[in-house]
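Asks: Encoded as C-alpha cells, here's the structure I'll be asking about.
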C-alpha cells in the first residue's frame, strides 16, 4: 500500500469561513464538525432545527440560522446540501451573487480525502457497518484514520474523524450529489481501495432500473488506479460481472471457496459469531465477532481482506474485529423487558430485511419473532419490490406494518399496497397487521406480546420512537 503524494486542493487556500445549507442533515453536520476541528469558521442554516443535531452543532460551536434568508450569506464558501434545490432563497442568492459553492462530496474530497489513501466502502447493503468496522480496525491498530460514515459507530461515538494517519475511509453512497451534480456521491472520493458488497435495485426516486445503478458502480470501479484494489463480494453475480471491467487488482471474498477469502466453521453463540478464515494461501486465522448473521460475516470478511491488503497484521485485525461495538441502530439491542427482547435495525430493503430476520432467528431460535417494518424510503414505499418484501417479512412469526411515511411523496399509482402485503403474509400462517405509529401500535404490542418474544423494529427513520415507547410500557 502506497500513500499518494499530497496534492494541492482545488479549493483556494484563502478560504477561511464556510457556510452550510441544510446543516442539520447527518452528513452536513458531520462535515461541519470536521471543518470546525480543522480551524475553519463554520456556520449554517436549516429549516427544521431540532435535537440531536441542533444540540451537537451548539456543542461544537457552530451557529445555525433557522429559516432561509439571503442576508445570512457572508462566508467565503458555501456548501449546498443534497436536499437543497432551485427556488430556495439562499440557493438563488448564491447563484445570483456569484458566491463560490460546492457540494458536500466535493468539500469532503478537497478538504479531507485528497492526499490520503482513500478507502471507499459501497454497495446496496452493509456500507455503514463495513466502513465502521474498517475504520475501527485501523484505529485499534494505531493507524489514526480519518473517516466519514452515515451512522454512529459505537467505538467512536460519532460518524466522522479528521484523522492524522495515511488512510481515509468513506461510506460511498450511490445517491446523487446535489441539484447541480447528479452523479453518485462516491464518484468524488478518489478511491484507492473500494469494497463492493453487493448491487441491487434501490433509490427508485433517482434510478429507473438496475442497469442505471450498474452504470454508476461501474464508473466508480473505473476510477480505481491500476495499483489500487477492488475488494469484491463473489457471492453477488452483479459484483462479479462489474469486477471484470476493473483495471485495478481484484480481491474477492465470499461464502464459497472460489473467492480469494472465505470463511468456514461459522458458529453463533451468546458471545458472538466465531469463524475461521481461509485465503489462497490456506488457513489465515480464527476470528470472533460480536455481530450476528451471514451478512455480518461477509461485512467482517470484507474488512479482514481489506485490512490485510492495507498491511495490517493478523493479530491487529483480530483485535479490531473482536473489540468492535457495532453501529447504532444496526441490530442494536434496546433491552430485555420481562423476557421480551427489543432490537432496532436500519433495514429498509427486502434483502436487508430478510438477512436481519435470519440473523435474529439464528441467534434466538427458541423465540417468537415480531418484525415491525416502516416503509420510509423512496424504494420501500413503491410497489416495485412488493413481492420480495412479502417473502422477506414471511420469515418472521408475526408482522406489524406501519403506514407509508409521507406517502404523498410517491405517486398513488406507484405506491406499495400494504393491505395486499399483509394479506399475502398472513396466508403463510404468519399474523400480520397494519397499525399507525402511535399509541395504538404500542397498546396492540403490549397486549399481544408474551415472554420469550422478540420484537425487531426496522426503519431508516426513528419509527416515531415506538421502540422506546414500547420499552417504557413493558418496564
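Asks: Look at residue 93 and say whether it is in contact with a helix residue (DSSP H, G or I) (Cβ under 8 Å, 6 or more places away or on another chain), farther than 25 Å from residue 145 by Cα and in contact (Cβ under 8 Å) with a residue 12 or more places away in the chain.
Replies: yes
Asks: Just a yes or no: is a residue in the stretch 2-13 closer than 27 Å to residue 167 by Cα, at pLDDT 95 or above and not assigned by TED's automatic domain parsing to the domain that holds residue 192?
Replies: For the stretch 2-13, residues closer than 27 Å to residue 167 by Cα, at pLDDT 95 or above and not assigned by TED's automatic domain parsing to the domain that holds residue 192: absent.
Asks: Continuing with the same structure: Within the stretch 199-220, which residues are touching a strand residue (DSSP E or B) at 6+ places or on another chain (Cβ under 6 Å) and either part of a loop (DSSP other than H, G, I, E, B) or free of Cβ contacts under 8 Å to residues at least 40 places away in the same chain (or both)?
Replies: Result: 204, 206.
Asks: Related question: Could you give me the residue pairs with C-beta distances under 7 Å whose first residue belongs to the stretch 280-297 and is without any contact (Cβ under 8 Å) to a residue 12 or more places away in the chain, whose second residue is outside any helix (DSSP H, G or I) and surrounded by fewer than 20 Cβ atoms within 10 Å (Cβ to Cβ) wherever it lies, and which are 6+ apart or on separate chains?
Replies: Hits for this filter: 283/276.
Asks: Assess whether residue 239 counts as being in the same structural domain as residue 166 (by TED's automatic domain parsing) and assigned to a loop (DSSP other than H, G, I, E, B).
Replies: Here the answer is no, as residue 239 does not meet what is asked.
Asks: Then there's this: Could you check the stretch 173-198 and list, in sequence order, the residues that are under 17 Å from residue 251 (Cβ atoms), under 15 Å from the mean Cα position of the chain (by Cα) and either in a loop (DSSP other than H, G, I, E, B) or not assigned by TED's automatic domain parsing to the domain that holds residue 308 (or both)?
Replies: 197, 198
Asks: Please verify whether residue 471 is in a loop (DSSP other than H, G, I, E, B), more than 22 Å from residue 389 (Cα to Cα) and either under 25 Å from the mean Cα position of the chain (by Cα) or touching a residue at least 24 places away in the same chain (Cβ under 8 Å) (or both), treating the condition exactly as stated.
Replies: No; evaluated as a whole, the condition is false for this residue.
Asks: Another question, if that's okay. In the stretch 305-318, which residues are crowded, with 16+ Cβ neighbours inside 10 Å and touching a residue at least 60 places away in the same chain (Cβ under 8 Å)?
Replies: Matches in the stretch 305-318: 305, 306, 307, 309, 310, 312, 316, 317.
Asks: Okay, next question. All but one of (1) at pLDDT below 95; (2) in a helix (DSSP H, G or I) hold for residue 325; which doesn't?
Replies: All conditions pass for residue 325, except number (2).
Asks: Check residue 157 against each of (1) part of a loop (DSSP other than H, G, I, E, B); (2) at pLDDT 95 or above; (3) under 23 Å from residue 57 (Cβ atoms) and name the one condition it does not meet.
Replies: With (1) part of a loop (DSSP other than H, G, I, E, B); (2) at pLDDT 95 or above; (3) under 23 Å from residue 57 (Cβ atoms) applied to residue 157, the lone miss is (2).
The values are calculated or read from the model by the stated rules, or taken from the named source; none is laboratory data. Only a predicted model underlies this, so the values are computations on that prediction, with no experimental measurement involved. Glycine gets a Cβ as well: all are built from the backbone with ideal geometry, and neighbour counts include every protein chain shown.
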